[in-house]
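Some notes on the structure that comes next.
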Amino acid sequence: MTVTDEHLQVVAPDPPRRGRGRRPFAVLSGLLAAAVTLGVAELVAVPIGPGSAPVLAVGAAAIDAAPAPLKQFAVDNFGTHDKAVLLGGIVAVLALAAAVLGLLGLRRRSIGVGGIVLLGVVGAIAAVARPVGSLAYALPSVLGAVTGVLALLAMLTPLRAPRPAHAQHGPGRRGLNRRGFLIAGGVTAAAAAVSGAAGKLLLDARNDVGASRATVRLPPPQSVAGPMPPQTELDILGLSSFFTANADFYRVDTALIVPQLSPRDWSLRIHGMVDAERTISYRELIGRGLIQRDITLSCVSNEVGGPYISNARWLGVPLAPLLREIGITPGADQIVTRSVDGWTAGTPVDVVLDGRDAMLAVGMNGAPLPLSHGFPVRMLVPGLYGYVSATKWVVDMELTTFSSVSAYWQQRGWAAQAPIKTESRIDTPKPFATVARGPVPIVGLAWAPRKGIEMVELSIDNGPWLTARLADQDTTDTWRQWVYDWQATPGNHMVRVRATDKSGYRQTEARVNPIPDGATGWASSAFTVR
Ligand SMILES: Nc1nc2c(c(=O)[nH]1)N[C@H]1C(S)=C(S)[C@@H](COP(=O)(O)O)O[C@H]1N2
Ligand SMILES: [Mo]
């Protein structure tokens, strides 16, 4: 009779030692099985769609499902890196699960197998449930999990190998077939590396929209921005520049991977409550003639004094004439725009038609839109927070009503109507800074889109309100720089700022949170003068 592991277990005199030497291999088995699962899934995802790979699909589902306060926390604390943190977290949890599954699999292979199947099912469901998902979106997770299961079994088998009879004495009877494991583990590791690398390479090659962006030549605008008044840019150290460089422009979106859409593949379908549905190509769009405008864009999630606001010189196609041409059915009060990855925004029709420069933007600061800012086409409506107006990678526009459709953030508790609030911030001295006594300019920005800034006032150490010197106003759609030339005296100081806009509204001191329609309150900075 052959003596198997199971028999030995019964007679083994020292159970605590049993299998101890195999555990690191079991952990490694779990990790390698997970790696090959992800590698194969990545490869299979290439023809199916970039959002179909399991980690991305689960991450995207997590973003959509996260309660608003958690999302706010992520935006506040990780900024634009929140997505890397999320993906890193998913991979860490996955690695931990894989290690545990490997260990459990040592005892009972069915648990290890069941665990990988479960992970595959979770990935498949998350992928199919994407707004752009289909049944095929399950394939990467399913094929990945099947490979992972086979690999796990192949690696666990040599860890549970019956040992030849002469070796079954003393601490050596652990049933580890080292050579067998090295082969199975080595093959799995190689398969994981090759499939993962090939998947990434193919995806990158397929997605090389950067190359097509480099070939885009935008025609000169028919209507240029400006000219800017001479003193629009104060040019003071520490003050944000009037135009935000594309690389520095804040970025907020739910996209885990930047959608890759070439102008050739792009089109915009305009439908719903219109006289006649219409689909326009990129060539047709820019053939309509471009306008160039300076517009400040802000995120509703921006806290008082926060960084999620930037200003650029945009190039785009006016939206109002296009909609008038297509014909809006009376009663339509909402324009729902959808991005290629399924995100939606709802914009009031009357706002788009009221004469402001609502546009389908194709250029930003003299270049085609950067990929992360919506290449090839995004929407932009001066005066509205981004979540109700600034759809990036926009491919679909439906004329409808607010009562019949709720867009992405409205479904999550944010307001349907969201004009950008009049606000101001202090750029320097920064909170907790130490500055030298003497002349210290206190500088910052103020904005009141569609209205324009009338006045900015500072209060130092709760003293009387002092009027700041304003830079020239470019347009009412842009922010405005300000400076207060201060003689700094040694000690701890606290400065507060408030703006008044041209409608006569003065910023309220009342602090409200960004949700549901934007923060209010006075920005402040406390610092030390030496
Ligand atoms: N496709 C898509 N467009 C989007 C978003 C998004 O999540 N997906 N976020 C919106 C929000 S909330 C803001 S504030 C602006 C930010 O634009 P930016 O990243 O170019 O600064 O984009 C808007 N457009
Ligand atoms: Mo936003």
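The values are calculated or read from the model by the stated rules, or taken from the named source; none is laboratory data. Everything numeric in this text was worked out from a predicted model, so none of it was measured. Because the Cβ atoms are built from the backbone with ideal geometry, glycine has one as well, and the counts that use them run over all protein chains shown.
With respect to R264, is the statement that it is basic (K, R) and either within 16 Å of ligand 2 (Cβ to nearest atom) or at pLDDT 95 or above (or both) true? Please lay out each step first, then the result.
Working: basic (K, R): yes; either within 16 Å of ligand 2 (Cβ to nearest atom) or at pLDDT 95 or above (or both): no.
Taking the combined requirement at face value, the residue does not satisfy it.
Consider I236 carefully, then state whether it is on the phi < 0 side of the Ramachandran plot, touching a strand residue (DSSP E or B) at 6+ places or on another chain (Cβ under 8 Å), part of a loop (DSSP other than H, G, I, E, B) and surrounded by fewer than 17 Cβ atoms within 10 Å (Cβ to Cβ). I'd like the intermediate steps shown before the answer.
Values: on the phi < 0 side of the Ramachandran plot: yes; touching a strand residue (DSSP E or B) at 6+ places or on another chain (Cβ under 8 Å): yes; part of a loop (DSSP other than H, G, I, E, B): yes; surrounded by fewer than 17 Cβ atoms within 10 Å (Cβ to Cβ): yes.
So I236 fits the description; yes.
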* **One residue from V317, V336 being away from ligand 2 (no atom under 16 Å from the Cβ), over 21 Å from D253 (Cα atoms), touching a strand residue (DSSP E or B) at 6+ places or on another chain (Cβ under 7 Å) and of a type in the set (A, V, I, L, M)** => V317
* To do: Kindly check whether there is at least one residue in region 479-502 that is touching a helix residue (DSSP H, G or I) at 6+ places or on another chain (Cβ under 8 Å) and crowded, with 19+ Cβ neighbours inside 10 Å.
  => no
* Structure fact -> Output for Cβ contacts, cut-off 9 Å, separation at least six or different chains, first residue free of Cβ contacts under 8 Å to residues at least 60 places away in the same chain in region 282-294, second outside any strand (DSSP E or B), reads R283/P263; G287/P219; R288/P321; R288/L322
* How many residues are within 15 Å of ligand 1 (Cβ to nearest atom) and outside any loop (DSSP other than H, G, I, E, B) when one looks only at region 320-344? -> 6
* Has region 275-294 got at least one residue that is of a type in the set (S, T, Y) and within 16 Å of ligand 2 (Cβ to nearest atom)? -> no
* Structure fact -> The one condition V300 fails out of (1) in a loop (DSSP other than H, G, I, E, B); (2) within 11 Å of ligand 1 (Cβ to nearest atom); (3) of a type in the set (A, V, I, L, M, F, W, C); (4) touching a Leu at 6+ places or on another chain (Cβ under 9 Å) is (4)
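Of V304, V349, which residue is within 16 Å of ligand 2 (Cβ to nearest atom) and over 20 Å from the mean Cα position of the chain (by Cα)?
Working: V349 fails: within 16 Å of ligand 2 (Cβ to nearest atom).
On inspection, the qualifying residue turns out to be V304.
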* To do: Pairs only if they're at least six apart or on different chains, beta carbon under 7 angstrom, first in region 410-438 and within 30 Å of I460 (Cβ to Cβ), second in a strand (DSSP E or B) and acidic (D, E); list them, first residue then second.
  => T422/D501
* Asked: Out of all the residues in region 383-411, which are away from ligand 1 (no atom under 11 Å from the Cβ) and either crowded, with 24+ Cβ neighbours inside 10 Å or over 15 Å from L319 (Cβ atoms) (or both)?
  -> M397, T400, T401, F402, S403, S404, V405, S406, Q410, Q411
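Provide a single number: the residues in region 470-490 that are over 39 Å from the mean Cα position of the chain (by Cα) and either among the small types (G, A, S) or outside any loop (DSSP other than H, G, I, E, B) (or both).
Start the filter on region 470-490 by keeping residues that are over 39 Å from the mean Cα position of the chain (by Cα), which leaves 486-490.
This time we only want the ones that are either among the small types (G, A, S) or outside any loop (DSSP other than H, G, I, E, B) (or both), so: 486-488.
So the count comes out to 3.
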* Structure fact -> Quick count over region 287-297, residues being crowded, with 23+ Cβ neighbours inside 10 Å and outside any strand (DSSP E or B), is 1
